[in-house]
Amino acid sequence: MISSLMLFMADDDCKREYADIGGAVVEYSKNDGRCIVGRIITTDPNFYLDDKFYPGQDITDIVNKR
């Protein structure tokens, strides 16, 4: 699977980080102070249906609350 971040950002633009959010691991990158979803790692289908975790979504507020 190719992350949208892999397509649109240079390697030196971002660093991939991971957060456990409600039992799912969310890969994100920080860019200009924002946390942008790259992919979700979980077996729970509800996370894949939740539009706030789609690749490219800004989850800065969720990450900062942890």
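Scanning segment 48-66 for residues that are of a type outside the set (A, V, I, L, M) and open to solvent by less than 50 Å² (accessible area, probe 1.4 Å) returns D50, F53, G56, T60.
Looking across segment 17-47, just one residue is modelled with pLDDT under 90 and either open to solvent by less than 20 Å² (accessible area, probe 1.4 Å) or under 12 Å from the mean Cα position of the chain (by Cα) (or both), and that is N31. Taking the criterion of being touching a strand residue (DSSP E or B) at 6+ places or on another chain (Cβ under 6 Å) and over 14 Å from R16 (Cα atoms), the only residue of segment 27-43 that qualifies is T42.
The values are calculated or read from the model by the stated rules, or taken from the named source; none is laboratory data. Since we're looking at a predicted model, the values are computed, not measured. A quick note on method: Cβ atoms are made from the backbone with ideal geometry, for glycine too, and the neighbour counts reach across all protein chains shown. Protein only, heavy atoms only, side chains kept; ligands, DNA and RNA dropped before computing areas. Shrake-Rupley method; radii C 1.70, N 1.55, O 1.52, S 1.80 Å.
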